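Worksheet for the structure shown next.
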Amino acid sequence: MRAEGSVKSLKSRRPRLVVGVLAVTCTAAALLLGGVARFGSSDSSRAAVPAGAQSQLGAGFAAGNTGALVKQLQQELRAVPKDVHSLDLLGLAYQQRARETGDPAYYTKSEGVLRRALELAPRDLLATTGLGTLGLSRHRFHRALALGRRASALSRSTARTYGLVGDALVELGRYREAFDAFDTMARLRPSLAAYARVSYARELLGNWRGAVSAMRLALDAAVDQPEATAWTRVQLGKLYWSRGRLSAAEREDRAALLAYPGYVYALDALAQVEAARGRWARAIALERQAVATIPLPQFVTTLGDLERVTGHERLARRQYALIGVIQRLFVANGVKTDLETALFDVDHGVGRSRVLALARLAHRERPSIDGDDVLAWALARTGHCGEALRFSKRALRLGTRDALKEFHRGMIERCLGHHAQGRLWLRRALDLNPHFSLLWAPVARRYAA
């Protein structure tokens, strides 16, 4: 395997970090809901199901018309209720419908059919990994890790199981183990899925150029796959965005839309670029299109923030109110949203009496650098600045360059009366990405002066 496609190729530049204790958008981690992994077909004789459906669904991408595929599989299962393979595919198709619609009720449906498949075939690898990716999508990372390890025990040579394990370990703050899992995945099968994870690991370690290099390998691996190409272009654009390179980010976002017209994640990313350029009407129009397509919390939050900074307070409040409705729907379908809810609440001054308790709970469940950062910010905003500094240092312990985390550190230093140190961190954040937040970049500029 090419050396640039592994996390361990960083060793010549910096030692591996031993971590004692990240979201895709979020995101996750920055991967797709449930990750991008390839599945080899175990039954190529099923002409009724589109060729490559298992591979595409397992990769987190559509296999043609997913709604039609769901109906077709349901019809097959009415005729043969104990068909494990059809149950597997239906479980994966339900997860794809969740990604396409933003409706978490499909997660509940997916869990039901995949558990039925395991009842019929307890050693079924596809159902085991499917439930594992479902655990990732629901932010139930301990469960995802257990299922990933079970899948790995069933098939030590199957690369995708190591991606599942690594994704869960990242969210649990166990970075050294996670990066080892990603390296194993890349060694077993260099692929879009492996390269994307290696890119994310390098980004976490502060190796931006290495992250871009690995994501370009992922882009090469996505050739002739429109949705996969669009997803990878957006990830590459986000890497450029994180360093304030607006033209490069815009180029990738527009290339994503050319590859897969209407791709909702590209619309969201491009809206942020347009906002950074001061093209507010274009930014709002793009974000409204994203929200109308899939009303994900991160899209709705961005739209609300855009309305707020352009003086449309009533419209902003309407979007913010929608966040609570969406979060309750997610929780009702088994999705843990504590970390995301805590960050939204602390940023928008919601429920100050309970936000710190929520952030502490989220941190216990996800002791990652993101969990550290959200808890640090909640502590600072509620006046616990000494304790906030401890968690802010932990949030930056890998050497990650993240303008928002550095902004939080600067504000925490100010809170402690360390104004010179605070200015240094705020300038550091702005030097990295002057447009890192619709709400907080202007605050950083004010206090960095």
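The values are calculated or read from the model by the stated rules, or taken from the named source; none is laboratory data. Note that this is a predicted model, so its numbers are computed, not measured. Note that each Cβ is placed from the backbone with ideal geometry, even for glycine, and that neighbours are counted across all protein chains shown. Heads up: the accessible areas ignore ligands, DNA and RNA and are worked out on the full protein's heavy atoms, side chains in. Shrake-Rupley method; radii C 1.70, N 1.55, O 1.52, S 1.80 Å.
Picking from residues in the range 126-143 that are among the small types (Gly, Ala, Ser) and over 15 Å from the mean Cα position of the chain (by Cα), the one that is surrounded by the most Cβ atoms within 10 Å (Cβ to Cβ) is 130.
Given the options 329, 361, 315, 343, name the one that is open to solvent by 40 Å² or more (accessible area, probe 1.4 Å), touching a Pro at 6+ places or on another chain (Cβ under 9 Å) and either assigned to a helix (DSSP H, G or I) or under 28 Å from residue 264 (Cβ atoms) (or both). 329 is the lone residue from the list that is open to solvent by 40 Å² or more (accessible area, probe 1.4 Å), touching a Pro at 6+ places or on another chain (Cβ under 9 Å) and either assigned to a helix (DSSP H, G or I) or under 28 Å from residue 264 (Cβ atoms) (or both). Take residue 398 and decide whether it is surrounded by fewer than 24 Cβ atoms within 10 Å (Cβ to Cβ) and either touching an Asp or Glu at 6+ places or on another chain (Cβ under 7 Å) or part of a helix (DSSP H, G or I) (or both). The answer is no for residue 398.
Based on what the data block shows, is residue 274 open to solvent by less than 20 Å² (accessible area, probe 1.4 Å), among the charged types (D, E, K, R) and at negative phi? It is true that residue 274 is open to solvent by less than 20 Å² (accessible area, probe 1.4 Å), among the charged types (D, E, K, R) and at negative phi. Just so you know, in the range 294-312 the residues that are among the aliphatic types (A, V, I, L, M) and part of a helix (DSSP H, G or I) include one that is surrounded by the most Cβ atoms within 10 Å (Cβ to Cβ), and it is 303. Of the residues making up the range 289-313, those that are closer than 15 Å to residue 440 by Cα and either of a type in the set (Gly, Ala, Ser) or at pLDDT below 95 (or both) number 1. Pairs meeting the criteria (first residue in the range 308-334 and among the hydroxyl-bearing types (Ser, Thr, Tyr), second residue assigned to a loop (DSSP other than H, G, I, E, B) and modelled with pLDDT of 95 or more, beta carbons under 7 Å, at least 6 apart or on different chains) are lacking.
For residue 337, state whether it is touching a Phe, Trp or Tyr at 6+ places or on another chain (Cβ under 8 Å), open to solvent by 30 Å² or more (accessible area, probe 1.4 Å) and of a type in the set (Val, Ile, Thr). In short, no.
When residue 417 is evaluated against the numbered criteria (1) over 30 Å from residue 166 (Cα atoms); (2) open to solvent by 30 Å² or more (accessible area, probe 1.4 Å); (3) assigned to a helix (DSSP H, G or I), which criterion, by number, is the only one it fails? That leaves (3) as the condition not met.
In the set (1) open to solvent by 10 Å² or more (accessible area, probe 1.4 Å); (2) part of a helix (DSSP H, G or I); (3) at pLDDT 95 or above, the condition left unmet by residue 190 is number (2). The residues in the range 188-208 that are among the small types (Gly, Ala, Ser) and within 15 Å of residue 160 (Cβ to Cβ) can be counted, and the count is 4.
Filter the range 110-125 down to residues that are open to solvent by less than 10 Å² (accessible area, probe 1.4 Å) and among the small types (Gly, Ala, Ser), then give me how many there are.
Qualifying residue count, the range 110-125: 2.
Taking the range 68-186 as the region of interest, the helices (runs of 4 or more DSSP H) fully inside it that hold 3 or more residues being at pLDDT below 95 are 84-101.
Residue 407 falls short on exactly one of the conditions (1) closer than 14 Å to residue 346 by Cβ; (2) open to solvent by 10 Å² or more (accessible area, probe 1.4 Å), and that condition is (2). Which of the following residues is of a type in the set (Gly, Ala, Ser) and more than 25 Å from residue 144 (Cα to Cα): 371, 349? Selected residue: 349, the only one of 371, 349 that is of a type in the set (Gly, Ala, Ser) and more than 25 Å from residue 144 (Cα to Cα).
For the condition closer than 27 Å to residue 364 by Cα, among the small types (Gly, Ala, Ser) and open to solvent by 20 Å² or more (accessible area, probe 1.4 Å), residue 105 qualifies.
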